[in-house]
Amino acid sequence: MIAAPAARPAAGPPAAGRPTAAGRPPAGQPPAAVAPAVVPVVGCPTPTCVFHAGAGAYFTCLAGGAGACFHFGPSCMPPDACMYDAGDHTYKQCARGSEGTCQQWAAACAPASRCMFDVADGLHHVCDEVAGGACRRYGALCAP
């Protein structure tokens, strides 16, 4: 034989300040204090102007890491006009250029950041030794 379930105790009024099932305080009770949410401030990275090997031109890098750019934006010209020449794999001053490409090359150079494109692996590395606009010895990966 199955026993009858025990009777449930009668529900009394909610405790003062305690929310009801609907999430609101009982009638006549002030709402509970709510602490403001603390959201960390995360700054946007500063976009840089990097060489895109597939397009053979410079574009704004909107997101990147480990020596590579993952999201390219509009074309750009490096601020120091020291650009990678894919024709001979060296860096040169661009005497005349637009939309991320150089139409007239000048003397060999090295970017001020020394963060240079390595055609061998398609990534950007800190160049430990530059000669004639070419990197002779690549070091650690750098943010393009």
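The values are calculated or read from the model by the stated rules, or taken from the named source; none is laboratory data. Just so you know, these numbers come straight off a predicted model, no measurement behind them. Positions of Cβ are backbone-derived with ideal geometry, glycine not excepted, and every protein chain shown enters the neighbour counts.
So residue 60 clears everything in (1) surrounded by fewer than 15 Cβ atoms within 10 Å (Cβ to Cβ); (2) without any contact (Cβ under 8 Å) to a residue 24 or more places away in the chain except one condition, right? Which one?
For residue 60, the exception is condition (1).
Of everything in region 73-106 that's part of a strand (DSSP E or B) and touching a Ser or Thr at 6+ places or on another chain (Cβ under 7 Å), which residue is farthest from residue 122 (Cα to Cα)?
Filtering first and then ranking leaves 74.
Table: residues versus (1) of a type in the set (A, V, I, L, M, F, W, C); (2) touching a Lys or Arg at 6+ places or on another chain (Cβ under 8 Å).
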site: 106; (1), (2): yes, yes
site: 109; (1), (2): yes, yes
site: 112; (1), (2): yes, no
site: 115; (1), (2): yes, no
site: 120; (1), (2): yes, no
site: 125; (1), (2): no, no
site: 131; (1), (2): yes, no
site: 136; (1), (2): no, no
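All but one of (1) within 15 Å of residue 51 (Cα to Cα); (2) at pLDDT 90 or above; (3) among the small types (Gly, Ala, Ser) hold for residue 106; state the number of the condition that does not hold.
So the condition that residue 106 fails would be (1).
Counting only residues that are under 15 Å from residue 56 (Cα atoms) and of a type in the set (S, T, N, Q), which one in region 82-103 is surrounded by the most Cβ atoms within 10 Å (Cβ to Cβ)?
Here the answer is 90.
Mind checking which pairs have a first residue in region 70-94 that is free of Cβ contacts under 8 Å to residues at least 60 places away in the same chain and a second that is of a type in the set (Lys, Arg), Cβ under 6 Å, 6 or more apart or different chains?
Pairs found: 85/92.
Taking the residues in region 112-140 that are charged (D, E, K, R) and in a loop (DSSP other than H, G, I, E, B) as candidates, determine which candidate is nearest to residue 52 (Cα to Cα).
Looking at the filtered set, the residue picked out is 121.
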